[in-house]
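Note sheet for the following structure.
A short reminder: the numbers here are calculations on the coordinates, not readings from a lab. Nothing here was measured: the structure is a model prediction, and the numbers come from that model. With ideal geometry, Cβ positions are generated from the backbone for all residues, glycine too; neighbour counts draw on all protein chains shown.
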Amino acid sequence: MLAARPHIEPHRRPDADSVVLKEIYVSLQGESSHAGILCTFVRLTGCHLRCSYCDSAFAFRGGTRMSIDAVLREVHALGSPMVEVTGGEPLLQPGVYPLMERLLSDGFKVLLETSGAIDVRLVPKAVHKIVDLKAPSSGESDRNDLRNFDSMAAHDELKIVLGSREDYEWAKRMIREHRLAERPFGLLWSTVYGRLSPTALAEWIIADRLPGRLQLQLHKYLWDPNARGT
């Protein structure tokens, strides 16, 4: 039985009119069903997880506190109609909720990349949520908030990043036990870059006739996989 959800009102926090921003830049979306599309990335500072394969540890600390108005000005100046709010874990910052609302009201298509360890029910409904389901090799699978399955809509996507065959077998059990193929949201299969062959994962998916979309981290094939701001 799931625990009762606490009542949270992030919009009323005194720091909800600003965010700590690590970086902002325009590039091509590298993951999800939006891969390959021009996108502005708003990366917020801070994360409470330490996944074994993390490629954005530079966002754990530092950054600059900026008003939401200032962030909006930079987003408009970069000129992309699609914006992704990412991290770190962006939902740790109270200001992320009014930031997303303001982006939507300004006419942007808004994506959110989140770890899956925080309940997404307070995210504005029009935001396209890309929610991780952490597999065992991440070292953080016990932090998955499974209530997210009930908080995701048809335009949202659940991303499962795999680093081994053991992760894959775990993911199949999760799909079966939680009837994820019957949920309205999409399923994304991905591999830890350099650890699990995408070809191997593709062959497993075909053999098992699994639902979902195989996706690669496009930016790591187009540019140096360790590069920032690409």
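See the values below:
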| item | result |
| --- | --- |
| Peptides ranked, highest mean first, by Cβ atoms within 10 Å: ranges 220-227, 174-181, 66-73 | 66-73, 174-181, 220-227 |
| Top positive-direction residue, dipole computed over segment 14-222 with Cβ charges, set 19, 154, 98 | 154 |
| Tilt relative to the chain, helix 96-105 - C-alpha long axis, 0 to 90 degrees, to 10 | 80 degrees |
| Highest-fluctuation residue, 63, 46, 107 considered, GNM on the chain with Cα pairs under 10 Å | 107 |
| Least to most buried among 53, 168 (fewest other Cβ within 10 Å first) | 53, 168 |
| Degrees separating the helix 198-208 axis from the principal Cα axis of the chain, which is the longest one | 60 degrees |
| Net charge dipole size for segment 41-123 [Lys, Arg +1 and Asp, Glu -1 on Cβ; Debye, nearest 20] | 160 debye |
| Relative exposure of 147, 183, judged by other C-beta atoms within 10 Å (fewest first) | 147, 183 |
| Where Rh is the Kirkwood radius over Cα pairs, Rg/Rh for segment 14-222 | 0.95 |
